[in-house]
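Report on the following structure.
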């Protein structure tokens, strides 16, 4: 059986509109190669588009892929770190120097949060997603999202208070 | 809405605004999306470059400094000839470099990744493959290697095969030398000035355009590399000149150009040449500033996720140096004064994000104090 592998207009249109957003999402979640993550997420959409019952669900699918792939990269990099103690992996340090001083502190504090809390906060405060949408992207319940956001914000406040 | 939430939104928006976007992303994504579902297309995508590679390497091998007689074709074993592996080499090899490895990302394999045991010393594994520079296919097929285990932490290098073949070797990590070999070559040995002979290995792999030889000896020695066929007959040889001894670290006269993660990069003027020292390692361009007015160094041996640090020196009228990528993005830094009367200013670091690949076609721009462009050259012309 041959599968039609040409991406449909829906996917190409979605890519045109949302690819930069997905790259930035992966970047904010701390991916070491955000473009690679975003491209892989859209590539999965191309491969699995025919399985989506509702075309409107495509962006949610891509968003969830970006979150999952970034989490996988973090896990992989933790293993790499153990294997290569001499190497440095402070991915976002060069970006930090380009930010305003107060923003720099905040982003640095965000970088220290556990991945799930960071995901929840980025999806909530950068993409302005609803709890239901965040839950779909993260593959957790809405209640868990609430807990991640609340604990993440507490941790950020504490981190910033410690700087004063 | 509280203040922290507002600040968070602003900070995230600002941070997101500096994420670079690749204009060619759609084509790459479509290719990637097709790859896993269509075995026919996957086969095509690999065999086409491999065929091209075979053609390129066939020319390169003909032009190599390796010369000699003829022998019988013994077939190509996966790993032929004596192996230098010691009994202390662990049975379980480290995993081959994965997608996160910088060299895999910059020159994705179009062949198998073949692992060679013990070539860099006991307990080491060297991984070799062929690929094309992702950002600049015009550079031609690259031979890449990564060595892991022992004193190595997965560093390595990639280089164009045609150039390596002309020189008869590839500058590998540590003292490991390697190069392409005719298919019928099954063993390699290096004869050193003392008369000592060091045996290496000849390997091949799935879709390799030819055989590959690897041998490990002190880089300061000039060595005669001899390739033999299965009958022991010499089929090619070349002489590799030893590299000059390491520079002694000067005790004074240094100018600290920058510090990065606790390590200072310090410049010295030694015998009319600018030399940079990163910690205990010294690097120098091949000529004095009067002959090479603009020099850039950038370390290629790095893991994915590690930023690339660029630095160098420039003529006295240069106030700012910038690197411009093919998509127009510029990364720049100011210069600082060099030694009085030297006509040299020092610059660095230009820190490139981990996923940005700097290649020979990246442009280096220099500006004067008034902000006027003084010069614009591709990096391939000014590499130190």
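No lab work stands behind these numbers, since they all come straight from the coordinates. Keep in mind it's a predicted model, so treat the numbers as computed, not measured. Because the Cβ atoms are built from the backbone with ideal geometry, glycine has one as well, and the counts that use them run over all protein chains shown.
Structure summary
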| item | result |
| --- | --- |
| Inter-chain shielding of A:25-34 (mean C-beta neighbours from other protein chains, 10 Å cut-off) | 4 |
| Residue-averaged beta-carbon neighbours from other chains (10 angstrom radius) around A:16-24 | 3 |
| 19 Å cut-off, amide nitrogen to a point 7 angstrom out along residue B:234 Cα→Cβ, residues in the stretch B:196-211 | B:196-202 |
| Sequence ranges B:120-131, B:248-259, ranked by mean other-Cβ count within 10 angstrom, highest first | B:120-131, B:248-259 |
| Estimated FRET transfer efficiency (residue A:142, residue B:13; beta-carbon r; R0 30 Å; 0.05) | 0.75 |
| R0 of 56 Å, Cβ-Cβ distance residue B:224-residue B:259: FRET efficiency to nearest 0.05 | 0.80 |
